[in-house]
1. Would you please name the residue that is nearest to residue 67 (Cα to Cα), looking only at residues in segment 36-54 that are outside any strand (DSSP E or B) and among the aliphatic types (A, V, I, L, M)?
2. Only one of (1) farther than 10 Å from residue 4 by Cβ; (2) at pLDDT below 95 is not met by residue 33, so which one is it?
3. Got at least one residue in segment 47-63 being in contact (Cβ under 8 Å) with a residue 24 or more places away in the chain, of a type in the set (S, T, N, Q) and surrounded by 13 or more Cβ atoms within 10 Å (Cβ to Cβ)?
4. For segment 24-46, which positions are without any contact (Cβ under 8 Å) to a residue 24 or more places away in the chain, in contact with a His (Cβ under 9 Å, 6 or more places away or on another chain) and of a type outside the set (Ser, Thr, Tyr)?
5. Taking segment 36-46 as the region of interest, how many residues are over 15 Å from residue 9 (Cβ atoms) and surrounded by fewer than 16 Cβ atoms within 10 Å (Cβ to Cβ)?
6. What single numbered condition from (1) surrounded by 14 or more Cβ atoms within 10 Å (Cβ to Cβ); (2) in contact (Cβ under 8 Å) with a residue 60 or more places away in the chain fails to hold for residue 21?
7. Can you tell which of 47, 11 is within 9 Å of the chain's Cα centre (by Cα) and of a type in the set (D, E, K, R)?
8. Only one of these is under 18 Å from residue 64 (Cα atoms), not in a loop (DSSP other than H, G, I, E, B) and not charged (D, E, K, R): 16, 33. Name it.
Amino acid sequence: MSKLPVISGSKTVKALIKFGYYVRDQEGSHIHLRHPFRKPLTIPNHKEIARGTLGKIIKEADLTVEEFRRLL
């Protein structure tokens, strides 16, 4: 498994939008994403997302790290 990148919340959201997610709303610094048939996600809109948090987001989106890197 590849090492997770250190990226911002906005870059994470942009990558997941390419995968079919869309922004439902934003509550404070958390962006809520929805997908037609996948689990909803909540992304912290921070300058850097912790690697553990990013790993869980990628897993919840049912992606591999390699697939996520290609979306960036």
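The values are calculated or read from the model by the stated rules, or taken from the named source; none is laboratory data. These numbers come from a predicted model, not from an experiment. Methodologically, a virtual Cβ is constructed for each residue, glycine included, from the backbone with ideal geometry; neighbour enumeration extends over all protein chains shown.
1. Among residues in segment 36-54 that are outside any strand (DSSP E or B) and among the aliphatic types (A, V, I, L, M), the one nearest to residue 67 (Cα to Cα) is 54.
2. Checking residue 33 against (1) farther than 10 Å from residue 4 by Cβ; (2) at pLDDT below 95, the one that fails is (2).
3. Start the filter on segment 47-63 by keeping residues that are in contact (Cβ under 8 Å) with a residue 24 or more places away in the chain, which leaves 47-49, 51, 54-55, 57-58, 61-63.
Retained after the next criterion (residues that are of a type in the set (S, T, N, Q)): none.
No, every residue in segment 47-63 fails to be in contact (Cβ under 8 Å) with a residue 24 or more places away in the chain, of a type in the set (S, T, N, Q) and surrounded by 13 or more Cβ atoms within 10 Å (Cβ to Cβ).
4. 24, 25, 26, 40
5. Going through segment 36-46 one residue at a time, the tally reaches 4.
6. Looking at each condition in turn, residue 21 falls short on (2).
7. Just a single option satisfies the conditions, and that option is 11.
8. Details: 33 fails: under 18 Å from residue 64 (Cα atoms).
16 is the lone residue from the list that is under 18 Å from residue 64 (Cα atoms), not in a loop (DSSP other than H, G, I, E, B) and not charged (D, E, K, R).
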